[in-house]
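The values are calculated or read from the model by the stated rules, or taken from the named source; none is laboratory data. Worth saying up front: this structure is predicted, and the values here are computed from it rather than measured. Here the Cβ positions follow ideal geometry from the backbone for every residue, glycine too, while neighbour counts run over all protein chains shown. Ligands, DNA and RNA are stripped out before the accessible areas are found, and what is left, the full protein with its side chains, is counted by its heavy atoms. Shrake-Rupley method; radii C 1.70, N 1.55, O 1.52, S 1.80 Å.
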Amino acid sequence: MSNGQLLDIEVRDEDPGSKDDSIGTTSLPISTAAEKGTEDTWLPLEDVKTGRINLKLEWMYLSKNALILEKEMEKRNQQSNELSSCLLMVNLDSARELPRAKKTMSEPSPYVKLSLGQSKFESGIKADTDEPRWEQNFRFLVHNPNLQTLELEVWESKSKTRIGNLKVPLKNLLVEPDLIVDKFYNLVNSPSPKAQVRMRLCLRVLTSEYNQADIEEEEEEETPVETLESKESSVDPVAQQSATSADKTAKAVPAVVKKVEVVKVEKVNKVSSKLPEGQLIPPMDSSTPIKDSDVRQRKSPSSNQGGLYGRGRIQITLRYSTQRQNLVAVVHKCVNLIPCDTDDNLADPYIKMYLLPDKSNKKKTTIIKNTLNPVWDETFEFPVKQADLSSKTLEFSIKNDTSFYTSNKKFIGIAQIELGNMDQTKAATHWFDLQPDEDDCKPVSLPSETDL
């Protein structure tokens, strides 16, 4: 974690009859807590003659090891029964087969309400479609995943009626590999018996103990994320997990802060350790504009989703990490790939990546079965000196996973991206057309600011 990321705090006088009055503000660089693990300090309040506030912070890691949950919950309960033990990250992807109006058969304009305990969020409205794609992300602090349930409702915005709902007990995630589930969930109480919502749920145990095998490490991220407002509180739930009020003696933050309100967390450059190769990116809550190595913002593709060559398109985010001397590539998804399997006209796509001209350092995504529109959201890093980056070309070769004796097509498409004009100061997300000739691919340049 680099210097510069600030925790801004405002102390207010609670007034039930009118707007709460501000009685002082202060800010604190969180780099000290990140480096030391804990921070206990008194800070003077600004904009007032006198007054100080005591802050106690504890730096928490996100672990995918469910076996440490009981121990972490016991530690939290010894400090305060209001502290959270886990973080649930929800990627609300899409829905299908949603019901239409009975009389007019008009398509719905759906949105989604999600709730966990007292925390509630709403997605955006997707107008006139029974197959909406939200691609929005949310985070919930979890007190006890063995007892709590994520609740989801799909609403039709024009008629203001609920058209389906579902419940997911969080204890189900504790037995899943890496505590992640990515699937379509059947809606209940829906006029359409085939109505489904696709979500990706990622549960992480909050722990102050670093274990490289278990920790979901952070990485630099500068891609902006669409923000959503929580209806229940103006306090940033993630920042709450990092700081307590003067009334609290615990070393981590409770899920409710009454007298100290976290107003914002400024977004600045961050430093972190290397992500494991091909790590799946867990989704992040778009209600908070701070870091995530989680879901990246996806820009909309052009109207020609089949691409210039009819082979489909690929969406990626590129960024250069000056501290780690690495090119970071996030492979989001492909759309409208060509069918390769003769039996079902689908494909089992995966991607091989090289930082040319060197082909010794190969990267590879996971295989996505039976789809022409695969979504990966996987991150890869290529070691390269900053001075050498402009002479490199990044190659993405999309393949179909086949058996040795099959007649199915193996090659789907290829894209080569010249990095000569890459802006090394920020992350950028782009779409690229897949080309049909694996041996004669024409490298393309990254779009400039004027092209976007």
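For 19, 369, give me the order by solvent-accessible area with a 1.4 Å probe, most accessible first, ignoring ligands, DNA and RNA.
Details: 19 160, 369 120 Å².
Most to least solvent-accessible, the answer reads 19, 369.
Please check which bits of region 170-190 a label hung off residue 369 would reach, taking the label as a point 7 Å along Cα-to-C-beta and the cut-off as backbone N under 17 Å.
177, 181-185
Over region 118-169, give the accessible area per residue in Å² for a 1.4 Å probe, as an integer.
Numbers: 2490 Å² over 52 residues.
Normalised by residue count, the accessible surface of region 118-169 is 48 Å².
Based on alpha-carbon atoms only, what is the radius of gyration of region 312-436 relative to the globular estimate 2.2 N^0.38 Å?
Values: Rg = 15.1 Å, N = 125, 2.2 N^0.38 = 13.8 Å.
That works out to 1.10 for region 312-436.
Can you tell me, using C-alpha contacts under 8 Å and at least 6 residues apart, the relative contact order of region 101-181 as a whole percent? If you can, show how the numbers build up before the last one.
On the way: 131 pairs, mean separation 22.1, N = 81.
Reported as a whole number, the value is 27 percent.
Between residue 100 and residue 424, what FRET efficiency comes out of the Förster formula 1/(1 + (r/R0)^6) with R0 = 30 Å and r the beta carbon distance, rounded to 0.05?
Working: r = 49 Å, r/R0 = 1.63.
The formula returns an efficiency of 0.05 here.
Could you grab the relative contact order for region 1-131? Cα pairs under 8 Å, six or more apart, rounded to a whole percent. Kindly include the intermediate steps, with their values, before the conclusion.
Working: 164 pairs, mean separation 17.0, N = 131.
Worked out over region 1-131, it gives 13 percent.
Taking all protein chains as present, what is the carbon and sulfur share of the accessible area of region 344-452, in % to the nearest whole number, probe 1.4 Å?
47
Given charges of +1 on the Cβ of Lys and Arg and -1 on the Cβ of Asp and Glu, with all other atoms neutral, how large is the dipole of region 24-139 about its Cα centre, in debye to the nearest 20? Show your work: numbers first, answer last.
Values: 17 positive and 18 negative charges, 59 e Å.
Dipole about the Cα centre, nearest 20: 280 debye.
Please list, short to long, the whole-number percent of alpha-carbon pairs of region 144-189 in consecutive 10 angstrom bins beginning at zero.
24, 43, 24, 9, 0
Can you give me the distance in nm between label points at residue 390 and residue 184, each placed 7 Å from the Cα along the Cα-to-Cβ direction?
Roughly 4.9 nm, to one decimal.
For region 72-197, treating each Cα as an identical point scatterer without solvent, what Debye log10 I(q)/I(0) comes out at q = 0.14 1/Å?
-0.64
Using a Förster distance of 60 angstrom, determine the FRET efficiency expected from the C-beta separation of residue 70 and residue 336, and round it to 0.05. Show your work: numbers first, answer last.
Numbers: r = 47 Å, r/R0 = 0.78.
With a Förster radius of 60 Å, E is 0.80.
Could you pull the accessible area for residue 403 with a 1.4 Å probe, rounded to 10 Å²?
Answer for residue 403: close to 80 Å² accessible.
Just subtract the alpha-carbon distance of residue 208 and residue 440 from 0.36 nm times their residue separation and send over the number in nm, one decimal.
78.4 nm
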